Every structure is written in structure tokens, then in C-alpha cells.
Ligand SMILES: Cc1cc2nc3c(=O)[nH]c(=O)nc-3n(C[C@H](O)[C@H](O)[C@H](O)COP(=O)(O)OP(=O)(O)OC[C@H]3O[C@@H](n4cnc5c(N)ncnc54)[C@H](O)[C@@H]3O)c2cc1C
């Protein structure tokens, strides 16, 4: 039985930055992530260019994830992938974390960083749709090149769908957007970009059926119903962005049930603490007034959660946030870093 100072549930941006920062504060750290990869929901938009993270030049989300992972590994935390945390309980002063693999983990504190839970895309409910998932029916875009010079039908009208439609304009021959409601619900500026490019937007429209090619391997045409009419659209690829079903597998023993908001979010009690001493929250999962639901907000949450976890374990510890120069481990790392920079210049 190995006891950790802090165990972080979820390896998205808030979990990864928590891992870095708890290393900075000399805490023995573990991350448990259900997916086979780290990065959280940023992995659902790998090609998106991020402009809004302080101090970072614009970069694609997949690069951003790699940077986050590299930073999280600075103090070599223990990382468990493919492991879904199902139950957290408490015995004496120790949290006991049970996972779907049967493995049990032990920790003095917990940082819950599970974001919106385990996200599974809402599938297209059309007969036989699943058989095209191996070819040209997509629920996310893993690389834009795949769509170069293609006719792509995007189904959905929220931010996810419209952001993708805008990205596709860079490579696709033609983009058509269909949405079942009267108005697109995405950010206006993104919708404007589609309009400027003359993208065909079909509102009050839904996919009725999919027609395959002769080999029955891929979708060749999509039958769309709109206002009682049906239309047959030739396509090379179909992207479905109807949102995600949230699987909430994480539960707490009866005696340590944190207060929730809207039956899901952890209700913050200041400084990213929850109603249960020793359990903290960071990122999209924690709710409090003036919360910033962006990547930059996850970093602030991580710092607050880690600092409070530190104080929970050692009430004499420094109350204030530490910076890089406060940790001696950086002295050696700085020497190596500066040597490399000089050699490169
Ligand atoms: C389409 C889209 C575009 C976005 N664009 C931007 C942008 O341009 N700029 C910006 O600042 N923000 C953007 N965001 C928001 C940003 O991605 C989120 O705020 C951020 O990912 C939240 O990080 P998190 O770590 O709190 O949660 P998540 O990223 O959701 O990570 C949570 C992690 O916890 C894991 N997990 C869940 N349950 C368990 C469990 N029981 N056991 C183990 N692991 C578990 C999940 O698998 C996941 O890896 C965007 C979001 C979306 C959906």
C-alpha cells in the first residue's frame, strides 16, 4: 500500500497542471485517468488553434496537450491510465480510491479534476450508421488533411459543430451545415465566417437516412428532411457534432458526499475546497461565483486546490502560492535549460 499526498482524478488540463504544481510544492502525486491518453477534452479538438492561453503563441490544441503533459511530468508524478475511478471512501485519515480495474489507491488528499465526466459523442440515430464509422462517418476530426478537397456535411449547430465547419473551410471543397433547430446556437462570429464563405446552412433539417456506395463501405449520399421536403446530398464525408453524453461514474461514500450544484458540479467553498475536508476540485467540475470556464481558469483552480491540499496535510505549510524559483529542484533544471539555450543560440 503506497500512500500519496495528493491523488488527482482526471488527466485533463486542470489535472495536469495540478500535477505540475503539486510537484512544485513537493507533494507525492498521482494522476488517475480513464482514457488511454492524457489531455482531457482538449483531445476532442486537436486541430483547433488556441489563441487565448496567456503567454502562449497561437498553437494547435494537440501541441498544447503535449506541452501540458511535458510540464506535468516535471516532477515525475505516478500516472495511471485506462483506469476509471468509481468510488472514493475514507478510512481513518486516508482516502481510498477504487477503480474499475480492481486496483485501489490510497491518498491523504484528493483533487477532483474530472471536467464534464467521461464524454461519449451522441451517435447518429439512423439505421446502419455505425458501419460507416470506419470510413466516412466521423464524430470528431483527428486531422484536417483527411478532408482536403472533400464535400463535407456537418450535422449540428452548437459551438463544436460550427467551430469544426469553420476549420474545414481551410481544406474542404465544400461544407454544408444542417441543423434541426431554427437558429444556429454557436458564437455569432463563427456563424458569420460560414456566411462570408457562402456555406450552405440548412436549418430545421435532419439526416433521415444514409445511402452507401456500390461496395457498401462508405456513405455516398445523405437524405436530409427539411420542412416536410427531402433532399439528396452527395457527400465525401459526414461529421456529426450533436454533443456528448456524460458518463458520471465517480461516486463518494455516504459519509463524504461533497455538496453538488445542479446534481453534478462540486460546489466550491472558496479556494477550490469542497464541503468535504481533504477533497478539492479544479477545472470544469468545480462551480463558484465568477468562475472562468476556460483553460486559463483551470490553471488558477489547480494552484488553489494544490495549495489547500498542502495546507490540509501540513497546516504549518506556506499559505501562499510558490513560484518556480522557490523550489530548489529547479536550480539544477535551470542550469541544464540555460546550457541548452546557450548551445542552441
Ligand atoms: C469544443 C471545445 C472547444 C474549446 N475551446 C477552448 C478554447 O479555445 N480556449 C479555452 O480556454 N477553452 C476551450 N474549451 C474549454 C476547455 O477545453 C475546458 O475548459 C478544459 O478542457 C477543462 O479542463 P478539465 O481538466 O477541467 O476537464 P476535461 O478537459 O474535461 O478533463 C477531465 C478528464 O477527467 C477524466 N475523467 C472523467 N471522469 C473520470 C473518472 N471517473 N476516472 C478517471 N478519469 C476521469 C476525463 O477522461 C478527462 O480526461 C473548449 C471546450 C470544447 C468542448
The chain: angle of helix 295-313 to the longest principal axis, Cα-based, in degrees nearest 10
30 degrees
Taking the C-alpha atoms of the range 123-241, convex hull volume expressed per residue in Å³
97 Å³
Separation between the residue 255 and residue 135 pseudo-spin-labels, each 7 Å from Cα along Cα→Cβ, expressed in nm?
5.9 nm
Check: C-alpha center the range 214-265 vs C-alpha center the range 135-150, spacing in Å is 17 Å
Sequence ranges 20-28, 3-11, 93-101, 180-188, ranked by mean other-Cβ count within 10 angstrom, highest first
3-11, 20-28, 93-101, 180-188
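How much length is gained on full extension from residue 313 to residue 341, taking 0.36 nm per residue of separation minus their Cα-Cα distance?
6.3 nm
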Expressed as an acute angle from 0 to 90° and rounded to the nearest 10, what is the orientation of the C-alpha long axis of helix 61-72 relative to the principal long axis of the chain?
10 degrees
With -39,500 (n - 2.57) per DSSP H segment of 4 or more residues and division by the full residue count of the chain, the 222 nm estimate, nearest 500 deg cm²/dmol, is -7000 deg cm²/dmol
Measure nothing but the geometry: give the 0 to 90° angle between the long axis through the Cα atoms of 159-168 and the longest principal axis through the Cα atoms of the chain, rounded to 10°.
70 degrees
Label-reachable residues, the range 158-174, where backbone N falls under 13 Å from a point 7 Å from residue 60's Cα toward its Cβ:
168, 171
Along principal axes, Cα extents of the chain, largest first, whole Å:
70, 58, 39
The range 123-241, relative contact order [Cα under 8 Å, separation at least 6], %
32 percent
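Just so you know, all these numbers are worked out from the coordinates, no wet-lab data involved. Bear in mind that the values here come from a model prediction, so they are computed numbers and not experimental data. When we count neighbours, we look across all protein chains shown, and the Cβ atoms used for this are built from the backbone with ideal geometry, even at glycine.
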